[in-house]
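Working notes for the structure below.
Values in this text are rule-based calculations from the coordinates and carry no lab data. Computed from a predicted model, the values in this text were never measured in an experiment. Positions of Cβ are backbone-derived with ideal geometry, glycine not excepted, and every protein chain shown enters the neighbour counts.
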Amino acid sequence: MAITTISPHELAARQARGEVCELIDVRTPVEFQEVHVAFARNVPLDRLDPKALMSARNGASQQPLYVICRSGNRASQACEKFLAAGSTNIVNVAGGTLAWEHAGLPVTRGKKAISLERQVRIAAGLLVLTGAVLGYFVNLNWIGLSAFVGAGLAFAGITDTCAMGMLLARMPWNQVATSSPSSAVAGSKPSDSKQCPPQSNKSCCG
């Protein structure tokens, strides 16, 4: 089944008309904290449990559930998870938070952060460079590190999954403190904290 999409302008118009617009943002907590749509709540992709979340919606389960990320890639993966779990009224916000910002629509801003996509590029680049340098100056076998990273990136592109992104998403610098008693649980209704604690699953950037 094809994933349904909606433009940022159309979603904003629906929300302005008073329609029920439940929006989840599947980026990391730190990315969400930096900038997010004001009425979104954070349910990171690697913690997403579609069945639990849909069950917690109760009376709102017949309303569309809108999904957003940075540029659309992770939101598409989240939509696929919902579809695989049997949920059909799932809508991907085209272009993600970047498109929402570029459209001049209101966002909530916080502390500046490095996006997961940039982190993957930085980490992959450093590993390839390290393998090349060590292979030249220390031992030729270190070239295998660069080859391994290259193969991993190719696999990520072919399968649309990213082991490095999944790993980086769980790093401490991509998390935020969740000491507030009002913290939300993945799959729960929206709360003031807009954060959801972990469950395992794959993740990728974008």
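Quick one: 3J(HN,Hα) in Hz for segment 32-48, Karplus 6.51/-1.76/1.60 with θ = phi - 60°, rounded, Gly and Pro as x.
4, 5, 5, 7, 7, 4, 4, 9, 7, 10, 8, 10, x, 4, 6, 10, 6
Sort 7-13, 42-48 by packing, meaning the average of other beta carbons within 10 Å per residue, with the highest value first.
Numbers: 7-13: 17.0, 42-48: 25.0.
Taking the mean over residues of other Cβ atoms within 10 Å, the ranking is 42-48, 7-13.
Among A12, S71, F39, whose Cα projects farthest towards the positive end of the dipole of segment 4-113, with charges put on the beta-carbon of Lys, Arg (+1) and Asp, Glu (-1)?
F39
E19 to A103: extension gain in nm, 0.36 nm per residue of separation minus the Cα-Cα distance? Don't jump to the answer; show the numbers that get you there.
Working: separation 84, 0.36 × 84 = 30.24 nm, distance 2.02 nm.
Gain in length upon complete extension: 28.2 nm.
Take the Cβ-Cβ distance between A147 and A85 as r, set R0 to 45 Å, and report the resulting FRET efficiency rounded to the nearest 0.05.
Values: r = 37 Å, r/R0 = 0.82.
It comes out at approximately 0.75.
Assuming a viscosity of 1.306 mPa s and a temperature of 10 °C, what translational diffusion coefficient in µm² per second does Stokes-Einstein assign to segment 89-165, Rh being the Kirkwood radius over Cα pairs?
Details: Rh = 15.3 Å.
Translational D for this selection: 104 µm²/s.
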